[in-house]
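For reference, the structure is listed below as structure tokens.
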Amino acid sequence: MIFKVYYQEDVLEVPVREHTKTLYIEAESQVEVRQKLKERKINIEYIQKVEGAYLEYEQLNEDYNVLEI
């Protein structure tokens with residue numbers, strides 16, 4: 001499954017929509033996503049499963065790149 005992760009680059013940064021970044025990662029669950037990203041010093045706001053038509057739409061975006069961990 002592919003998950004879209006919304007995050008802030010600084011763990012201490014208060015979430016502000018204008019500073020939110022996203023990344024895509026393949027995992028079996030949200031718990032696995034958090035385990036894969038635990039070494040990165042980021043503030044995870046939200047993890048969303050991306051599938052079906054939504055995944056197809058996201059794949060059309062030039063910024064779509066699945067993180068390999």
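The values are calculated or read from the model by the stated rules, or taken from the named source; none is laboratory data. Quick caveat, the model's predicted, so the values are computed rather than measured. All Cβ positions, even for glycine, are placed from backbone atoms using ideal geometry, and neighbour counts span all protein chains on display. These area figures cover heavy atoms from the full protein model, side chains too; ligands, DNA and RNA do not enter into them. Shrake-Rupley method; radii C 1.70, N 1.55, O 1.52, S 1.80 Å.
For V50, the residues whose amide H sits under 5 Å from its own are I2, F3, K4, ignoring neighbours fewer than 5 places away on the same chain, with H placed 1.01 Å from N.
In the context of the full set of protein chains, the chain has a per residue accessible area of 75 Å² (1.4 Å probe).
The HN-Hα couplings worked out from phi for region 53-63 by the Karplus form 6.51 cos²θ - 1.76 cosθ + 1.60 (θ = phi - 60°) are 4, 5, 5, 4, 5, 4, 5, 6, 6, 5, 8 Hz, whole numbers, x standing for Gly and Pro. Note on L60: accessible area approximately 150 square angstrom, rounded to 10, probe 1.4 Å, nucleic acids and ligands left out. Protein heavy-atom surface of the chain, 1.4 angstrom probe: 47% of the accessible area is carbon and sulfur, with nucleic acids and ligands not counted.
Taking the Cα centre of the chain as reference, the dipole from Cβ charges on Lys and Arg (+1) and Asp and Glu (-1) amounts to some 280 debye. When you restrict to C-alpha pairs under 8 Å that are six or more residues apart and normalise by the size of the chain, the relative contact order lands at 45 percent.
Less than 5 angstrom separates the built amide H of E45 from those of Y6, Y7, Q8, all sequence-distant by 5 or more or on a different chain. Semi-axes of the equivalent ellipsoid of the chain are 20, 15, 10 Å, computed as sqrt(5λ) over the eigenvalues of the C-alpha gyration tensor in descending order.
Available extension along the chain between E68 and Y54 is 3.0 nm, counting 0.36 nm per residue and deducting the alpha carbon span.
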